[in-house]
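Visitor: Quick one: the structure is below, questions incoming.
The values are calculated or read from the model by the stated rules, or taken from the named source; none is laboratory data. Computed from a predicted structure; not experimentally measured. Quick reminder, even Gly has a Cβ in these numbers, built from the backbone with ideal geometry, and neighbours come from all protein chains shown.
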Amino acid sequence: MSQYRIFNDEDAITYAREAAQIGPEVILQGAEIGDGNLNQVFKVCQPGDATGLIVKQALPYIRCIGESWPLTRDRARIEAEILLQHGQFCPQHTVAVLHHDVSLSAMLLEDLSKFQVWRQALLNDQYFADAPVQLGEYLALVHFHSSDFKLDYQTQLAAQRQFANPELMSISEAVYFVDPFCDHERNDVAASIRQDAEQLWADKALKIRVAKLKHEFRCKGQALLHGDLHTGSVMVAAGKLKVIDAEFGGYGPMGFDVGVMIANLLLNFCSQPSWSQQSLRIKDVHAFWHSFNTRFFLLASQTSDSALGAPGYISAFLRQVWQDALGYAGCEMIRRTLGVAHVADIESIADPLQKTASQRQALALGRTLIMQADQINDEQLKSVAFAYRP
């Protein structure tokens with residue numbers, strides 16, 4: 001099966017059998033289970049078994065759009081290598097890659113059937129108190145170990161080359177920093193908030209801030225990012241968390257990963273009609289940032305770089321990461337409201353008036369985070385968020 005072809009169920013079974021070295025006497029069944037925008041995902045298991053193996057294959061185009069938008073299959077190799085690298089730094093919170101085949105653009109992953117997608121858990125009002133703490137720990141570990149607090153210049157430069165992902169990261173640039181801030185054909189703008197969108201598109205001061213964030217996204221290669229770290233790429237269970245789907249990863253600013261996650265928690269905040277549920281999301285944001293900030297500080301304090309270890313520098317660095325994160329969070333909130341890919345948190349709201357109110361809240365809060373990123377600390381975020389409550 002070394003020649004590429006788009007898998008069907010039987011191809012996925014064959015690949016899983018060969019990659020996991022499962023003998024022909026073992027009966028396997030497979031079915032596609034993925035509903036993502038880019039790739040095919042299959043579950044392969046023995047009949048009657050609840051868990052098995054996951055086969056993920058990259059298509060030569062964006063799945064949700066079709067062949068009109070071709071896309072490199074090399075993203076499968078990059079994703080597998082990022083997950084393997086992150087798995088070395090934080091195995092307890094990274095999905096395990098059991099095998100990957102460059103020629104087939106496929107990988108074999110551990111089955112997380114006993115977990116659930118964090119976004120869906122939030123939609124079901126299920127609370128996983130450990131999740132934000134564990135996610136902060138994951139991000140601190142993978143960011144530190146790929147940063148210049150840990151690596152010397154030559155080693156980090158080699159890693160930046162190894163994990164270069166220009167095609168997918170250029171898509172990120174477009175959907176985060178370009179499309180949502182103009183009347184682009186890829187945008188999906190509800191008629192009820194069209195006027196709000198047009199006001200935002202005419203906001204010159206906002207566009208200058210966004211241009212700076214876009215520029216730094218490309219130039220500020222601080223760490224090996226996950227690149228798409230939202231509540232839909234995190235799997236949770238009682239006391240457990242695993243991160244999946246790193247195909248948009250590459251070197252970039254740490255604040256991007258931090259900010260995208262904060263934004264998705266705040267998007268859920270905007271979707272909640274009750275004060276108590278909104279308070280839980282703010283609590284999650286604080287727990288996530290405190291976990292990341294504390295763990296990264298302890299790790300970076302052990303750096304062998306005497307300049308970076310100078311008293312006070314690591315704290316100053318983390319303050320800048322927070323400011324970057326707020327800016328990127330604002331971009332994520334706006335693009336998930338006006339851009340090509342919305343979130344179920346708001347899209348699933350049945351009441352049209354409540355949905356519109358939530359969308360406007362997301363836009364207003366997103367703009368404030370971008371414009372006032374250097375003025376809002378983590379303790380002030382709650383009052384800023386609640387200021388836009390309908």
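Visitor: Out of (1) among the aliphatic types (A, V, I, L, M); (2) surrounded by fewer than 19 Cβ atoms within 10 Å (Cβ to Cβ); (3) farther than 19 Å from H226 by Cα, what's the single condition that is false for V44?
Guide: (2)
Visitor: Of all residues in the range 20-41, how many are closer than 23 Å to Q120 by Cβ, hydrophobic (A, V, I, L, M, F, W, C) and loosely packed, with under 15 Cβ neighbours inside 10 Å?
Guide: Total meeting the criteria: 2.
Visitor: Going by the conditions given, is Q195 assigned by TED's automatic domain parsing to the domain that holds Q361 and part of a helix (DSSP H, G or I)?
Guide: yes
Visitor: Still on this structure, I have one more. Please work out which one of (1) in contact with a helix residue (DSSP H, G or I) (Cβ under 6 Å, 6 or more places away or on another chain); (2) not in a helix (DSSP H, G or I) is the condition L308 fails and give its number.
Guide: Against the list (1) in contact with a helix residue (DSSP H, G or I) (Cβ under 6 Å, 6 or more places away or on another chain); (2) not in a helix (DSSP H, G or I), L308 comes up short only on (1).
Visitor: While we're looking at this one, here's another question. Checking the structure you have, find out if any residue of the range 276-298 is in a loop (DSSP other than H, G, I, E, B) and assigned by TED's automatic domain parsing to the domain that holds A357.
Guide: no
Visitor: Name the one entry in A158, A164 that is within 15 Å of Q85 (Cβ to Cβ) and touching a residue at least 24 places away in the same chain (Cβ under 8 Å).
Guide: Only one candidate passes the filter, namely A164.
Visitor: A further question on this structure: Within the range 74-90, is there a residue that is of a type in the set (S, T, N, Q) and either more than 18 Å from A223 (Cα to Cα) or in contact with a His (Cβ under 7 Å, 6 or more places away or on another chain) (or both)?
Guide: No, the range 74-90 contains no residue that is of a type in the set (S, T, N, Q) and either more than 18 Å from A223 (Cα to Cα) or in contact with a His (Cβ under 7 Å, 6 or more places away or on another chain) (or both).
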